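The values are calculated or read from the model by the stated rules, or taken from the named source; none is laboratory data. All values reported here derive from a predicted model rather than from experimental measurement. When we count neighbours, we look across all protein chains shown, and the Cβ atoms used for this are built from the backbone with ideal geometry, even at glycine.
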Amino acid sequence: MKWIKEGKVQCRMIISLREWGGHQVPHIRVEWMSGRTAEQKLEFAKEVTEAFVRVCGGTATAVGIVFNDIEREDWITGAQIERLSK
């Protein structure tokens with residue numbers, strides 16, 4: 001995931017557990033800048049799922065991932081506010 005390692009993506013992941021079929025399963029919501037391709041999302045989902053299962057246990061089939069694409073003008077960081085306020 002070269003595009004992430006180069007710091008070209010602002011991203012936040014929110015992990016929660018939800019009930020499904022009498023079991024708690026991980027639900028991962030990814031918020032990031034819009035513009036990622038379907039292939040990039042699939043690669044990201046595969047790596048996050050593998051890491052989650054390796055660290056936390058469970059099975060890959062139980063992991064659910066939702067992508068929320070956010071337009072660049074709708075994502076502002078504290079550093080941007082500070083820079084623009086000067």
For this session: Report, ordered by the first and then the second residue, all pairs with beta carbons closer than 6 Å, sequence separation of six or more or different chains, a first member in the stretch 63-86 that is aromatic (Phe, Trp, Tyr), and a second member that is loosely packed, with under 10 Cβ neighbours inside 10 Å.
Result: none
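One line per residue, one yes/no per condition, for (1) under 25 Å from Asp74 (Cα atoms); (2) in a strand (DSSP E or B); (3) in contact (Cβ under 8 Å) with a residue 60 or more places away in the chain:
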position: Ser16; (1), (2), (3): yes, yes, no
position: Glu19; (1), (2), (3): no, yes, no
position: Pro26; (1), (2), (3): no, yes, no
position: Glu31; (1), (2), (3): yes, yes, no
position: Arg36; (1), (2), (3): yes, no, no
position: Phe44; (1), (2), (3): yes, no, no
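Going residue by residue through the stretch 29-42, is there one that turns out to be more than 16 Å from the chain's Cα centre (by Cα), surrounded by 14 or more Cβ atoms within 10 Å (Cβ to Cβ) and at pLDDT 90 or above? Don't jump to the end; show me each part of the working.
From the stretch 29-42, those more than 16 Å from the chain's Cα centre (by Cα) are none; that's our starting set.
For the stretch 29-42, residues more than 16 Å from the chain's Cα centre (by Cα), surrounded by 14 or more Cβ atoms within 10 Å (Cβ to Cβ) and at pLDDT 90 or above: absent.
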Seminar exercise, completed: Per the filter on the stretch 58-77, residues at pLDDT below 90 and assigned to a helix (DSSP H, G or I) are Arg72, Glu73, Asp74
